[in-house]
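Heads up: the structure comes next, in structure tokens.
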Amino acid sequence: MKYFTFANGDKMPLFGLGTWKSNDRDAYKAVREAIRIGYRHFDCAARYENEKEVGEAFSDAIAAGEVKRKELWITSKLWNNAHLPEHVQPNLEATLRDLQIEYIDLYLMHWPVALKPEVIFPAKGDEFLSLDEIPLIDTWKALEKCHKMGLARHIGVSNFNIPKIEKLIAQGGMTPECNQVESHPFLQQPKLFAYCQENHIAYTAYSPLGSQDRPARLKKETDPLILEHPTVMDIAKETNSTPGQVLIAWAVQRGSAVIPKSSNPGRLRQNFAAASMDLSADQMERIAALEKGFRYVDGSIWALEGSPYTVESLWNE
Ligand code: A2P
């Protein structure tokens, strides 16, 4: 297994299990099965509505002697309606209770977008808080406090671009230790990827397989299917693997962390095996040539009419 090593020497396995879209018992079963297969990195979030089931799976696996807490790398995320500084620690504590753990390995700000505390998903433009009302640095400082207290061993961000990270640092914030963003061959984010590497920020790729099971509100009929791209399918044939495995192997070989979701035992197993597959330089290059700046999760859900956020402000400002 390859790892990202943090400044203090802690190691995060580059390959992990995504739990977004794993529902209830599926999440429990997937995590139990994944631990048996050898997965040690689990990507969670309060918003995935399954942290209780995931926590039960950790607790049962530990009780059954299958794994020790210290062997697990557990990431979770602060939801957008908890950006007010006084809400950060209580939200992290609720996640720790649900996951049945005493500390989180990595805690991320889920989006650079704030919602009013009573709103989970916005239906109208007036359900947001603007970044003038609640600047990202205020939320970030509250995460830093959780870090200093030892509740979060590492802290980072998700869905941030370079200017937003730079602004946190310029405002006296600690450099985020991770940026988790959508990434796959159609969205390689070369500048952001290089920036993260230069600044020793772990770059974690979500939706690495194109997230076909994402909710309808995040889907358009014209979205390209990365798992069916001829180049990916050809390389799968050449390597006697599957398109999903090719995408995972490409990400790990590139030096990105990657968190494909599956709740299917066979695919859990093949995805795990892909983390130690080798692609040739030619195959890596042919995959790199698929870049087209395409987002499956384009952030338009935060750009409702009257919202202080636009898709442009999200990714480019
Ligand atoms: P399932 O859970 O039934 O395995 P992403 O990680 O990009 O969000 O994609 C998750 C989607 O990809 C899920 O629908 C998941 O289905 C499916 N999936 C997971 N692993 C593979 C694989 N190796 N090949 C094809 N589809 C996969």
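What the table below lists for this structure:
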item	result
Per-residue SASA entry for residue 48, accessible area with 1.4 Å probe, Å² rounded to 10	30
Lys/Arg +1, Asp/Glu -1 at C-beta; the chain dipole; positive extreme among 38, 207, 92	38
The range 166-317, accessible area per residue, ligands and nucleic acids excluded (1.4 Å, Å²)	46
The range 1-70 - Debye-derived log10 I(q)/I(0), Cα point model, q = 0.14 Å⁻¹	-0.43
Binned Cα-Cα distances of the range 192-260, short to long, each 5 Å bin given as a whole percent	3, 16, 21, 19, 18, 14, 8, 1
Base-10 log of normalised Debye intensity for the range 134-236 (one unit scatterer per alpha-carbon) at q = 0.12, 0.24 Å⁻¹	-0.53, -1.24
The range 1-125, Cα convex hull volume normalised per residue, Å³	119
Top positive-direction residue, dipole computed over the chain with Cβ charges, set 155, 173, 136	155
Heavy-atom accessible area ranking, 1.4 Å probe, most first, across 121, 15, 272	121, 272, 15
The range 114-180: translational diffusion in µm²/s, Stokes-Einstein, Kirkwood Rh over Cα pairs, 25 °C, 0.890 mPa s	187
Sequence ranges 235-241, 220-226, ranked by mean other-Cβ count within 10 angstrom, highest first	235-241, 220-226
Label-reachable residues, the range 51-91, where backbone N falls under 16 Å from a point 7 Å from residue 118's Cα toward its Cβ	81-82
Descending semi-axes in whole angstrom, ellipsoid equivalent of the range 169-317, from the Cα gyration tensor	27, 20, 14
Rounded percent of accessible protein surface that carbon and sulfur make up, the chain, 1.4 Å probe	50
Net charge dipole size for the chain [Lys, Arg +1 and Asp, Glu -1 on Cβ; Debye, nearest 20]	680
Potential extension, residue 225-residue 49 segment - 0.36 nm per residue separation minus Cα distance	60.7 nm
Cα pair count fraction exceeding 14 Å, expressed as % - the range 236-281	42
Taking the C-alpha atoms of the chain, convex hull volume expressed per residue in Å³	128
The range 45-86, accessible area per residue, ligands and nucleic acids excluded (1.4 Å, Å²)	38
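The values are calculated or read from the model by the stated rules, or taken from the named source; none is laboratory data. For clarity, every value in this text was computed on a predicted model and none was experimentally measured. As a convention, Cβ positions derive from the backbone with ideal geometry for all residues, glycine included, and neighbour counts pool all protein chains shown. Note: accessible area is taken over every heavy atom of the protein model, side chains too, but ligands, DNA and RNA are not part of it. Shrake-Rupley method; radii C 1.70, N 1.55, O 1.52, S 1.80 Å.
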